[in-house]
1. Got at least one residue in region 91-103 being among the charged types (D, E, K, R), farther than 15 Å from LEU12 by Cα, modelled with pLDDT under 90 and open to solvent by 40 Å² or more (accessible area, probe 1.4 Å)?
2. Looking at (1) open to solvent by less than 70 Å² (accessible area, probe 1.4 Å); (2) assigned to a strand (DSSP E or B); (3) modelled with pLDDT under 90, which is the only condition PHE8 fails?
3. Is there any pair linking a residue in region 70-94 that is free of Cβ contacts under 8 Å to residues at least 24 places away in the same chain to one that is among the β-branched types (Val, Ile, Thr) and part of a strand (DSSP E or B), with Cβ under 8 Å and at least six apart or on different chains, and which?
4. Of all residues being among the hydroxyl-bearing types (Ser, Thr, Tyr) and closer than 28 Å to GLY48 by Cα in region 15-28, which is most open to solvent (accessible area, probe 1.4 Å)? Just the residue, please.
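The values are calculated or read from the model by the stated rules, or taken from the named source; none is laboratory data. As the structure is a computational prediction, the values presented were derived from the model and not from experiment. We place every Cβ from the backbone using ideal geometry, glycine too, and count neighbours over all the protein chains shown. Areas reflect the complete protein model, heavy atoms only, side chains present, ligands, DNA and RNA absent. Shrake-Rupley method; radii C 1.70, N 1.55, O 1.52, S 1.80 Å.
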Amino acid sequence: MEEHGNEFVGTLFVLPASRAFELNTTLHGLPVTLTGTVAQHLAAQFAGGDAAGDHIDPRQLSLQPRRVEILTRDIHERHRAPRKVHFLVRVIDGGVHPAPQETSVTA
């Protein structure tokens, strides 16, 4: 089993109840859809039960392209075809917006 993490930019759809995700992105210039499981700590942020992290609203994620980190495991089992399993580990710019800053204009 091999494991590696990559950052992708694309449209992210999340089903928090089933901990499933779908990411529409491009890979080497071709459109690709990655599907998989949301990591447990990230699912807690979607549910709002994570005291250490900020709450992420999964309904707002698909409104614009997001930068995410996905962990990919290449699984090689005896007498079976190799397969890839994807885990959504982190939403880098997702749903948590900083407070608006005040700007003053002098004329």
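1. yes
2. Here PHE8 meets the rest and fails (3).
3. Cβ pairs passing all conditions: PRO82/ILE75; ARG83/ILE75; LYS84/THR72; LYS84/ILE75.
4. If we take residues in region 15-28 being among the hydroxyl-bearing types (Ser, Thr, Tyr) and closer than 28 Å to GLY48 by Cα, then SER18 is most open to solvent (accessible area, probe 1.4 Å).
To keep it simple, each residue is scored yes or no on (1) of a type outside the set (A, V, I, L, M); (2) closer than 14 Å to ARG90 by Cβ; (3) surrounded by fewer than 18 Cβ atoms within 10 Å (Cβ to Cβ); (4) in contact with a Pro (Cβ under 7 Å, 6 or more places away or on another chain).
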site	(1), (2), (3), (4)
PHE13	yes, no, yes, no
LEU30	no, no, yes, no
LEU42	no, yes, no, no
GLN45	yes, yes, no, no
ARG59	yes, no, yes, no
LEU63	no, no, yes, no
